[in-house]
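K.L.:
Handing you a structure now.
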Amino acid sequence: MKNPGIYTRIYRVVKRIPKGRVATYGQVASLAGTAGHARQVGYALHSLPEGTEIPWHRVVNAKGMISSRSEPASEEKQRLLLEAERICLNEEKKLRFNRSRWHPGAKKTGLKNPMAIEPVCFSD
């Protein structure tokens, strides 16, 4: 691990992302006190061991897309994990930020079942 202090702060932020929501690498970096260092978030998440409980799959790029990786199978794994939380990607492989972006500190919508408005994902 290159910088355990920064990585620990990044992991704490990622653990706070609720199920059914996503954050961007830049958003996580800012919340971890390392604004402008989105790549550091990517490095930290890449260093996680297989089977970690940290929900790494809830972090996407600023375009609302799953970032390319050296291991292409991990992109598919991330898509499946997001879909299991009812976070769907469209035909351009983008997700809908207006439905799934995490806003820490924001008040709840007041809906009895906010997941009822989320789309059902269908695989190709």
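The values are calculated or read from the model by the stated rules, or taken from the named source; none is laboratory data. Everything numeric here is computed off the predicted structure, so don't read it as measured data. So basically every Cβ, Gly included, is an ideal-geometry build from the backbone, and we count neighbours across all protein chains shown.
K.L.:
Between residues in the range 75-86 that are in contact (Cβ under 8 Å) with a residue 60 or more places away in the chain and residues that are part of a helix (DSSP H, G or I) and surrounded by fewer than 15 Cβ atoms within 10 Å (Cβ to Cβ), which pairs lie under 8 Å by C-beta distance while being six or more apart or on different chains?
P.N.:
Arg86/Met115
Per-residue answers, yes or no, for (1) without any contact (Cβ under 8 Å) to a residue 60 or more places away in the chain; (2) buried (at least 19 other Cβ atoms within 10 Å of the Cβ):
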| position | (1), (2) |
| --- | --- |
| Tyr7 | yes, yes |
| Gly20 | no, no |
| Ala29 | yes, yes |
| Ala35 | yes, no |
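K.L.:
Please go through the range 47-62 and give me each residue that is under 18 Å from Ile17 (Cα atoms) and either of a type outside the set (Phe, Trp, Tyr) or in contact with an Asp or Glu (Cβ under 7 Å, 6 or more places away or on another chain) (or both), ordered by number.
P.N.:
Leu48, Gly51, Thr52, Glu53, Ile54, Pro55, His57, Arg58, Val59, Val60, Asn61, Ala62
K.L.:
Tell me which residues, restricted to the range 90-103, are under 15 Å from Ala62 (Cβ atoms) and either surrounded by 14 or more Cβ atoms within 10 Å (Cβ to Cβ) or at pLDDT 90 or above (or both).
P.N.:
Within the range 90-103, Lys94, Leu95, Arg96, Phe97, Ser100, Arg101, Trp102 meet the criteria.
Listed here are the residues, each with its yes/no results for (1) surrounded by 15 or more Cβ atoms within 10 Å (Cβ to Cβ); (2) outside any loop (DSSP other than H, G, I, E, B); (3) at negative phi.
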| site | (1), (2), (3) |
| --- | --- |
| Gly42 | yes, yes, yes |
| Ser70 | no, no, yes |
| Glu83 | yes, yes, yes |
| Ile87 | yes, no, yes |
